[in-house]
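Heads up, the thing below is written out as C-alpha cells.
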There are 2 protein chains.
Amino acid sequence: MTHGRRPDLEELEAERDRTEEEALRPDVVDSPVSTLLGVRSQGTSTNEGEHMSTTKEAANNGVNVEALLGAREALSKAPEAAQFTWRAQNEWVRGTHSRSTIDGFFGLGQEQKHRKSFTFEADHPEIFASEDHGATPVEIVLSGLASCLTAGIAAVAQNRGIQLRSVKATLEGTMDILGILGGDPDVRNGFNGIKVSYTIDADATPDEIKAVVAQSQKRSAVFDIITNPTNVSVEVN
Amino acid sequence: MTHGRRPDLEELEAERDRTEEEALRPDVVDSPVSTLLGVRSQGTSTNEGEHMSTTKEAANNGVNVEALLGAREALSKAPEAAQFTWRAQNEWVRGTHSRSTIDGFFGLGQEQKHRKSFTFEADHPEIFASEDHGATPVEIVLSGLASCLTAGIAAVAQNRGIQLRSVKATLEGTMDILGILGGDPDVRNGFNGIKVSYTIDADATPDEIKAVVAQSQKRSAVFDIITNPTNVSVEVN
C-alpha cells in the first residue's frame, strides 16, 4: 500500500476501500451530518480510488471521512448551512479564577447542542500569587491548538488509508511576562512563538507521517486563528 | 470613592488602602512570587495614593495586586526571570477525540509545577459525525480568551478599588466551515471574528466598568494571541 503525498484536491476524494462491516456501522450510515444534509454515506462502495489499494486491511482511526466529504459536497451547494457560530460562556469565580461552559452552538441552519456541557476551570498559578484552581488561559489556548491539529491528523490519516497507533504532542509557547505585567511597552502580551512537536506511531513512512501533519496544519481552524489576525470585539452590556 | 479612568502608568501603582487584616493574610505576605523574587508585599502600608480614598471599605476581588506590582518591579530588574515557557501535552484517543494535559511550565528561571494536572477533553460534535467526547478545539480557544479577559478584569478592578460582584461573558465566534472542509479555497479556516459580551455587576459606574474591561483587553495575553499573528512551528520527531 502506498501512502505517497497526493495533491490536495485528490486527497479529499472519498476513501472507498472500507470494509462493508465498517461502512454499515450505524454511526457511519446514519451520522447526523448525513441525515441533516440529506447526504448518504458512500461507504458501501467497494470501488478503489486510483491511488488506494487493498493489499492490507483498511485503516480505522475512528474518523468518518465519508460523512465529512459528503458534508463538504452538500454544504458547497447550500453555503448558508456552513455558517457556524461557536460559543463559550464564562463566569468569574474569585480572584483570577473563572469557569467556562461550552454548551451549544449554531450550525446547519439551526441551534445545536453538545451531548453534555463541558466546563473548563482557568486560573493563574501560585507564583503569580493566585490560587491555581485551573490552567492558565494561555495553556488552554495551547491545548486548543493541540487538539485541533491532532483531530486533523486522525482525519487526514484516515483519508489517506494510514492507520495511526499513537499520536502525542508537546506544545511550548514562550512569553516574556513583562508584557502582561506592563513592565516593558515594547514586549507583546502574547507568545513570542509556539513550537509543536509530534511523536506519531503509524503504519506509514516518516515522510508520509510528516505530510499528514502538514495537511492537518493547512486545514486547522485553531492554527489559522493563532497564526493570522482575527478581529475580536469586546462589549459591556 | 472615585473610580475615574486614570492614566495607564498611574493605574499600576500599588494599591495602598487595604485593611491590615487583608495585608497580613499569609497568601499576601508569603506569596511565592514575592518569595522567589525577594519582593515584600507593601500591603501593611496604610498610605493612601493620590487618587484613592477610604470612604468605603477596600475592594476585595481576591487578586493580590501588590504581589503583581512587586513582581513587575523585580522582573524589570531581572528580565531573564520574566522569560516563561508555557506547555501543553496532547494525546490522541480515537477519531477526533484527544486529551490535553497541563502540568508544568518554566518561569522565574526554573521549572514550575501546577498544584495539580489539568486535563481537557476535545472532540468534534455529532453533526460532524464525531462522538462529542469534549468541546471542539475552537470552543476551547474561546474559553481561553474568556478566562484571560475575566482574570484581567478582576485584577484591574482590584487595582482601581472597584468591588466586583459578578462577571459573566458570552463569546461567539463565527466561522464558515467550508474553509476547514476544503470546500472553498477563499474561505479561511478560523473564525471570521469573535464577539465578547460582558455583563458585570460591580461597585462602579458603567463607564468605569467599561474602562476596566478595556484595560483588561490591553494587557490580555490571549487577546493579543488571537488578534495578532503568532508564529507556530510544527515538527514531527
Can you compute 3J(HN,Hα) from phi for each residue in region A:192-197, using the Karplus curve 6.51 cos²θ - 1.76 cosθ + 1.60 with θ = phi - 60°, rounded to whole Hz and x for Gly and Pro? 5, x, 10, 10, 10, 10
In nm, one decimal, shortest first: how far is the label point of A:Asp201 (7 Å from Cα along Cα to beta carbon) from the matching points in the other copies? 5.3
Report the far tail of the P(r) of region A:140-199, meaning the percent of Cα-Cα pairs longer than 13 Å. 68
Could you work out the pair-distance distribution P(r) of region B:110-237 from its alpha-carbon pairs, with 10 angstrom bin width and percents rounded to whole numbers? 10, 30, 33, 20, 6, 0
With the label 7 angstrom out along Cα to Cβ, how close does B:Gln110 come to the same site in each of the other copies, in nm, nearest first? 5.8
Sorted by mean Cβ packing within 10 Å, highest first, what order do the peptides B:140-151, B:118-129 take? B:140-151, B:118-129
Tell me the volume per residue, in Å³, of the convex hull enclosing the alpha carbons of region A:64-138. 122
Distances from B:Lys218 to the same residue in each other copy, label points 7 Å out along Cα→Cβ, in nm, shortest first? 4.3
How many angstrom lie between the Cα centre of region B:173-204 and the Cα centre of region A:165-237? 17
Taking every other residue with Cβ under 13 Å from the Cβ of A:Ile180 and scoring Lys and Arg +1, Asp and Glu -1, one gets +1
Part-to-part distance (alpha-carbon centres) for region A:66-115 and region B:95-145, which is given in Å: 17
The ³J(HN,Hα) series, computed from each phi in region B:154-170 with the Karplus coefficients 6.51, -1.76 and 1.60 at θ = phi - 60°, rounded to the nearest Hz and given as x for glycine or proline, is 5, 6, 5, 4, 4, 5, 9, x, 9, 7, 8, 10, 8, 9, 10, 9, 10
Search the structure for amide H atoms under 5 Å from the amide H of B:Phe84, placed 1.01 Å from N in the peptide plane, and list their residues when 5 or more places away or on another chain. A:Met175, A:Asp176, A:Ile177
Enter the mean number of other protein chain beta carbons within 10 Å of the beta carbon of each residue in B:195-206, as an integer. 3
Bin all alpha-carbon pair distances of region A:177-237 at 5 Å intervals from 0 and give each bin's fraction as a whole percent. 4, 13, 14, 15, 17, 12, 10, 8, 6, 3, 1
Calculate the mean, over all residues of peptide B:77-86, of how many other protein chain Cβ atoms lie within 10 angstrom of the residue's Cβ. 6
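Strictly over 18 Å apart at the Cα level, which of A:Lys168/A:Lys195; B:Lys168/B:Lys195; A:Lys116/B:Lys195; B:Lys168/B:Lys210; A:Lys116/A:Lys168; B:Lys195/B:Lys218 would you flag in this model?
Among A:Lys168/A:Lys195; B:Lys168/B:Lys195; A:Lys116/B:Lys195; B:Lys168/B:Lys210; A:Lys116/A:Lys168; B:Lys195/B:Lys218, the Cα-Cα distance tops 18 Å for A:Lys116/B:Lys195; A:Lys116/A:Lys168.
Read-outs: derived from the displayed coordinates by stated rules, not from any lab. Please read all numbers here as calculations on a predicted model, not as lab measurements. No Cβ is skipped: glycine too gets one built from the backbone with ideal geometry, and neighbour counts run over all protein chains shown.
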